[in-house]
Structure formats: C-alpha cells, structure tokens
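These notes are about the structure you will find just below.
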Amino acid sequence: MADKAREERKDEQQAMAMSAEKLRDLIRQLDIKVDPAQSKLEREEEEEKKAVHKFWSTQPVPKSSEQVTKDGPLHPPLAPEEIRQEPYDLPSGAMEWCVVDVESADEMKELYTLLIENYVEDADSMFRFNYSVEFLTWALMPPGYVPDWHVGVRDKETKQLIAFISGVPLDIMVRDKTMHMAEINFLCLHKDLRDQRMTPLLIKEVTRRIHHKGIFQAVYTVGKLLPKPVSTCRYFHRSLNPKKLMETGFSQKLSASDLAKLTTALRLPPTPSTPGLRLMRKGDVGQVRKLLNRFLKNRYEIVPVFKTDAEILHWLLPRDKVVWTYVVEDKDHPGRITDFFSFYSLPSTVLKRGTRGKDGVKKPASAGKPQPAYKSVNAAYLFYYGTKEDYEVTLTSSEKEACESAKKEKALVKSKKNDLIKERLQSLVADALVLARDASFDVFNCLDMMDNLMFTSKLKFGPGDGYLRYYLYNYRARPIESPKVGFVML
Ligand SMILES: CC(C)(COP(=O)(O)OP(=O)(O)OC[C@H]1O[C@@H](n2cnc3c(N)ncnc32)[C@H](O)[C@@H]1OP(=O)(O)O)[C@@H](O)C(=O)NCCC(=O)NCCS
C-alpha cells in the first residue's frame, strides 16, 4: 500500500512538473483528428453549394441556399386521400418490404447483424458502430411505438434482411411550438446495395406510413451535409483509457513517456464526489420528468417534451449494458431529487488496427498486418441531464452601481446564475466520468450541444473530427446554435 501511495505521489509530481503548454498539447492529441475538422466543415459547405439533390430537391425541406427567417411547416397536413395507399415499388422483383418485429428475438438478431456488418463507419473504415440487441430494443420500443414504422427490406428468395429504416413517435418543441413528430433513425443499406438510389425509397416508404398516422413532421440526424440542417453539433471526447485508445488508432500515437504523463493527467478520483448521488429508481420517475422538462424548456430551443412518466421510465430508468442514470437526492430533504444525469453505451467495432500520426490523420494498417488486439472501443455517450437553474441571485449595491442600467443588471444576474449552473454541471459530469470508467468504458463522448461547453474544457474533453447535423422534415426553422440544442438522438 505504502509503495502504491508513493508511486501515485511520484506520478502526480511528474504531472505537475509538466508545463501547462505540454499538457494542453497532450490533451489536444486526444482529438480524433487535430483540426482539419474546421476546414472539412468549410469544404463540405462549399461542395454543398454546387450539389444537385435529385431526391432531396423534391422533399419538403429548405433549400441549402435558403436563408430561413421564419419558423413553420412547408406544407399543411395532407388529407387521407392525398396519401399513397400502397407501398412504393422496390427496384427489383427480388426484394420485398417487411416489418422488423421488435418483439421477436430472432428478428432483432437479424437487425443487429445487418447493422453490425453495414452501419455507420468513420471516414477511414477503422471503426463501425455496434449497437447491441438490448440497445436496439430500447431505441425502437418507446411508449406508443408503431410496429409498422420499423421498415425492412428482405431478399425475396433467401429472406435475408438487406435494408432498414425506423421511425418512433415523440413530441418535439421547436422554440415555442410543440409538435407530434417521428424520429427517424437506423437507416442502413447492405453494402451490396449502395449507390442504387434505394435510400429515397426507404425514406419515402417510412414517410408514407408516418403520414397514415396523421404525422407530418420528422426529426433526424446525419453526419453529412444535406439540405438543410437546423443545427450542426461537434463531437467531443474524453479519454478514460488513453493506452487502449492509442493502440486502436482512435487517438494519436504517443511515446511511452508522453503516454504515461497523459495517463496521469487524465487520472480521475477514485469515487464520485456529489453527496446523495445514487442510481435512479422507479420511484424517482415523476420528479425526474418535471426536472428534465423544465430544464430543457428553460434553456434550449429544440427539445423533446416528455408528456408521461412512462416515457421517462422507458428512456431513463437504468437498463443493464444500455443506459445509466444517476440522481442526486437532497440530504436535507430525503426523497427530493435535485439533479440527475445519464449516459448510454454505444461501442464501436475495431475493424482494423491502425495508428494516428502527429498530424492527427488516421493510418489504417496495410493488408496482411495482424488483426486488431482489441475487438471494440467501449464508448459512453452523455444522454440527458437536469439541474436547478432558478438560482436566487442578488447583486450587491456596488455591483448594481457598476451596471449603470437595468439591462446590464439583468445580464449580470444571468451570468452569475450560469456560473452556478456551470459549477454544478462540472461536478456532476466529473462524477459521470468516474462512474463510466468504473463501468469499463474507454472514452466518454458528447456533442457541443446543451450546456456541455460549460464542462468540456475543465474536464479534459477534446474536440473530435465528427459532426452531427440535425434536420427537420416539413418544418422550416431558423438556425439553432449547438448550445441551444436540447434533443439527444441515439
Ligand atoms: C446511408 C446509406 C443508406 C446511403 O446509401 P447510398 O447507397 O449511399 O445512397 P443511395 O444511392 O441509396 O441514395 C442517394 C440519396 O440518398 C441521400 N442520402 C444518403 N445518405 C443519407 C442519409 N443518411 N440520410 C438522408 N439521405 C441520405 C443522398 O443525399 C441521395 O439523395 P440526393 O440525390 O437528393 O442527394 C448507406 O450509405 C448506408 O447504409 N451507410 C451506412 C449506414 C449509415 O451511414 N446510415 C445513415 C446514418 S444517418
């Protein structure tokens, strides 16, 4: 024990001896790519100006060149006779539409297999999302889900599932307008079916089925740029296991001594620090719903609205290997919940061993090299959180004098309130990191949405090279800055 304590002290002294600049450099090296990201974004925007969208130009979405100045639907609800009755024709008689039955373990396994082999990869094909069956069941079966919106395509002869797209219903508030919408996710085509214009068919078919339920708006997120995002968010990553991230090529290659220093700099406390922190239980659902709805509505411009306890029970009650939610119980008022946070598990399969050079660019290993030592990177993603935001702040008389106007006073009160929220979120998310490390996650990810930029820098998250764009179907909305996005998509 004494030896261990001595070792730890030595590590700490070493870390403190590092110049702040060196430390910043090392932390920056955690980025997926150091910063070609900004230019990548600009390049995509340039290309988008010239792009021709054979499909999207026919859909109720704003044109890329359009400056949206007023929120509202592009078309009114359709009358039942305006909605196509029969499914769209598939391009070949060898394919057929199907519904993937989320209550069937066998069909969920088929969906899992389609996605694990064909779903989203990074640009260098080193990693691919690996959504577990349990996760997919969670994502596709919220209260009120519509079985018919889990749209699949099968090979008629072999019955193999070769394409999928899903919708689930939810209420979304965009600024002051709440709408019943569909959330579209898990669009996936088998690799052999790419570049054959199957995607427009899948989108049109799920839209047709959604229209039949009297819903005319949808929300979806895509990494790439299409017409026209309402918001663009950037990924941030906090390493929990720098050695593994480096060895898989997720983060940059370092010398042994730099890796040791980085590991020390990123070391987290042994236990969470917030008094009263515990796993969420069923009995907390009502309070968590109120806290979350209020927090989201008061702070952000696009948010889900959780109308029933059943939704909170579904989305936030801890589920083994899928979602973790912790609440803070007020010690002075037992049973009263003051804050909560949650994160979910989304591992990525390591497809090939690679390294990332000093420039931050990933270099996949060449053919014939040994298989990756690790099968997957275990990533936790920050989900929802809520905390008190109605602090009583009173200004001192000298602060009031310095303000000179009521407007400036109001701004000062707001900024002081934000400082309190910031401090609280920093300690809550620091605890989330400790809990995620203890649950064997290698990295903790979030977007620059919600109030996440209040803690990313302090808690040593680095910006990545990935972006997630938010889109609305049949709803024009003025652009929303990422810190005003309060809706997390899985
Ligand atoms: C995304 C995917 C289905 C697209 O397939 P594809 O073979 O490249 O595209 P298709 O030839 O079928 O269709 C092309 C049209 O679909 C659009 N499209 C492509 N990907 C899209 C997406 N993720 N969301 C919405 N539209 C998309 C294209 O913009 C194009 O329309 P346009 O001419 O109006 O611009 C396929 O690449 C895939 O399964 N990738 C892996 C999983 C994935 O990335 N899923 C999307 C997660 S958001």
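The values are calculated or read from the model by the stated rules, or taken from the named source; none is laboratory data. The model shown is predicted, which means the values in this text are computed figures rather than measured ones. Backbone-built Cβ (ideal geometry, glycine too); neighbour counts: all protein chains shown. Just so you know, the surface numbers come from the protein's heavy atoms only, side chains and all, with ligands and any DNA or RNA stripped out. Shrake-Rupley method; radii C 1.70, N 1.55, O 1.52, S 1.80 Å.
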Could you work out how much longer the chain between Glu66 and Val52 gets when fully extended? Use 0.36 nm per residue separation minus the Cα distance between them, nm to one decimal. 3.6 nm
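How about the stretch 127-163: which trypsin sites (Lys or Arg not before Pro) there lie in a loop by DSSP and see at most 15 other Cβ atoms within 10 Å?
Values: sites: Arg128, Arg154, Lys156, Lys159; in loops: Lys156, Lys159.
Passing both the DSSP loop test and the Cβ count: Lys156, Lys159.
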Convex hull volume per residue in cubic angstrom - Cα atoms of the stretch 56-228: 144
Å² per residue, accessible surface of the stretch 31-151 at 1.4 Å: 55
Could you tell me which residue out of Trp315, Ala406, Val102 lies farthest along the dipole of the chain toward its positive end? Charges go on the beta carbon: Lys and Arg +1, Asp and Glu -1, centred on the Cα centre. Ala406
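Sorting Met181, Met141 by accessible area (1.4 Å probe), largest first, what list results?
On the way: Met181 0, Met141 50 Å².
The residues order as Met141, Met181, largest area first.
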Nearest-10 value in Å² for the accessible area of Ser64, using the 1.4 Å probe: 40
Treating only the Cβ of Lys, Arg, Asp and Glu as charged (+1, +1, -1, -1), what charge dipole size does the stretch 56-228 show about its Cα centre? Round to the nearest 20 debye. 620
Multiply the residue separation of Asn418 and Glu42 by 0.36 nm, subtract the distance between their alpha-carbon atoms, and state the gained length in nm to one decimal. 132.2 nm
Which entries in the list Lys388/Lys458; Lys228/Lys410; Lys63/Lys408 go over 28 Å, if you measure between the two C-alpha atoms of each? Lys228/Lys410; Lys63/Lys408
Say each of Thr178 and Ala79 gets a label point 7 Å from the Cα, pointing the same way as Cα to Cβ; how far apart are those two points in nm? 3.1
Taking Lys40 as the anchor, which aspartates and glutamates have their alpha carbon closer than 13 Å to its alpha carbon, excluding any fewer than eight residues away along the same chain? Glu48, Asp465
Using a 10 Å Cβ count of at most 11 others and DSSP loop calls, identify the longest part of the chain lacking such GluC sites (Glu not before Pro). 158-391
Among Gly214, Ile480, Pro143, whose Cα sits farthest toward the positive end of the charge dipole of the chain (+1 at Cβ of Lys/Arg, -1 at Cβ of Asp/Glu, about the Cα centre)? Ile480
Straight-line reach from Lys109: which lysines have a Cα under 30 Å away, not including same-chain ones fewer than 8 places off? Lys156, Lys159, Lys191, Lys204, Lys213, Lys224, Lys244, Lys282, Lys321, Lys352, Lys375
Is it possible to state the helix-based mean residue ellipticity at 222 nm for the chain, with each DSSP H run of 4+ residues giving -39500 (n - 2.57), the sum divided by total residues, to the nearest 500 deg cm²/dmol? What is it? -10000 deg cm²/dmol
Quickly work out the Glu157-to-Lys388 label distance, labels modelled 7 Å from Cα along the C-beta direction, and quote it in nm with one decimal. 6.8
